[in-house]
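The values are calculated or read from the model by the stated rules, or taken from the named source; none is laboratory data. Keep in mind that what you see is a predicted model, and the values were worked out from it rather than measured. Neighbour counts run over all protein chains shown; Cβ positions are idealised from the backbone, glycine included. Heads up: the accessible areas ignore ligands, DNA and RNA and are worked out on the full protein's heavy atoms, side chains in. Shrake-Rupley method; radii C 1.70, N 1.55, O 1.52, S 1.80 Å.
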Amino acid sequence: MPDNQFNENVIKGKVRRAEEKRGILSGGVPANMRSVQGTGAPNRHGMPKLPVGQREVPNWPVLDLGIQPHIPLETWKLEVHGEVENPYTLAWKDFIKLPQVKDVSDFHCVTSWSRMDNEWEGVRFKTLAEKAKLKTSAKFVYITGHDGYSTNLKLEECMDEDVLIVHHWNGIPLPREHGGPARMITPRKYAWKGSKWIKEIVFLDRDQLGFWEVRGYSNTAEPWFNDRYSE
């Protein structure tokens with residue numbers, strides 16, 4: 001799906017923000033990749049509960065690029081391929097048959113809000129990777145959504161136990177506006193690193209920047225280091 005089907009005003013606004021903030025990030029605090037910043041008791045990863053520059057919200061704000069695709073379960077597909085021995089495509093019925101897990105984690109948006117203690121149900125990314133039988137050349141992951149969105153991560157970052165492809169949130173099917181029927185979540189990264197309406201997972205031997213990464217957003221996206229925009 002070409003970029004021009006997105007809301008160009010949304011894109012231009014976020015790119016302008018990235019240009020203005022590049023190097024001097026939220027709150028005027030420069031990114032410091034050696035110093036953990038935040039407040040609150042340590043989370044499961046030993047980081048402060050609330051990352052620097054974030055505020056906790058009780059609701060779950062909706063952010064997208066002007067597209068909220070409707071994907072019936074009977075036509076939903078997830079393609080997994082690239083540097084793998086066993087490329088495959090999952091229909092919804094196949095996806096649901098995979099080992100399911102429940103987990104509670106926080107959700108940090110780069111626009112400075114965090115929603116805490118979300119209850120998720122879905123499939124670990126690690127399970128999908130193991131099913132694909134990765135080649136030793138697989139070092140990076142490129143993820144796309146049914147809306148045409150894309151993002152990228154290092155393989156090792158995707159293998160955390162709480163990186164999931166989720167289909168339920170707080171006991172209900174994942175709402176369409178939040179990426180339902182299934183989206184990726186990345187609790188240790190800013191949320192743009194987890195594609196809504198997930199469609200494709202590609203394992204690569206080299207990094208490939210995603211939608212926001214080529215538009216001035218950080219390639220590493222570390223919330224506790226205020227790592228929002230590239231320098």
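At-a-glance table
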{"read-out": "Qualifying residue in the range 200-207 (condition: acidic (Asp, Glu), over 20 Å from Trp92 (Cβ atoms) and at pLDDT 95 or above)", "value": "yes"}
{"read-out": "Test: Met159 is within 23 Å of Phe225 (Cα to Cα) and touching a Gly at 6+ places or on another chain (Cβ under 8 Å)", "value": "no"}
{"read-out": "Residues located in the range 55-68, provided they are touching a residue at least 60 places away in the same chain (Cβ under 8 Å) and open to solvent by 20 Å² or more (accessible area, probe 1.4 Å)", "value": "Glu56, Trp60, Val62, Asp64, Gly66, Ile67, Gln68"}
{"read-out": "Scan of the range 69-98 for residues that are acidic (Asp, Glu) and within 14 Å of Trp197 (Cα to Cα), ordered by number", "value": "Glu79"}
{"read-out": "Residue check, Gly53 on the phi > 0 side of the Ramachandran plot and in a strand (DSSP E or B)", "value": "no"}
{"read-out": "Any hit, the range 209-227, residues being buried (at least 24 other Cβ atoms within 10 Å of the Cβ), in contact with a strand residue (DSSP E or B) (Cβ under 7 Å, 6 or more places away or on another chain) and modelled with pLDDT of 95 or more", "value": "yes"}
{"read-out": "Cβ-Cβ under 8 Å pairs, at least 6 apart or on other chains, the range 121-138 side under 13 Å from Leu90 (Cβ atoms), far side of a type in the set (Gly, Ala, Ser) and surrounded by 15 or more Cβ atoms within 10 Å (Cβ to Cβ)", "value": "Gly122/Ala182"}
{"read-out": "Wholly within the range 106-178, strands (runs of 3 or more DSSP E) carrying at least 2 residues that are open to solvent by 60 Å² or more (accessible area, probe 1.4 Å) and among the hydroxyl-bearing types (Ser, Thr, Tyr)", "value": "none"}
{"read-out": "Residue, modelled with the highest pLDDT, within the range 27-76, restricted to residues that are touching a Phe, Trp or Tyr at 6+ places or on another chain (Cβ under 8 Å) and among the small types (Gly, Ala, Ser)", "value": "Gly38"}
{"read-out": "Residue pairs meeting the criteria (Cβ under 7 Å; at least 6 apart or on separate chains; first within 16 Å of Asp205 (Cα to Cα), in the range 76-91; second in a strand (DSSP E or B) and open to solvent by less than 30 Å² (accessible area, probe 1.4 Å))", "value": "Val80/Tyr88; Val80/Ile201; His81/Val202; Gly82/Val202; Gly82/Phe203; Glu83/Phe203; Val84/Phe203; Pro87/Val80"}
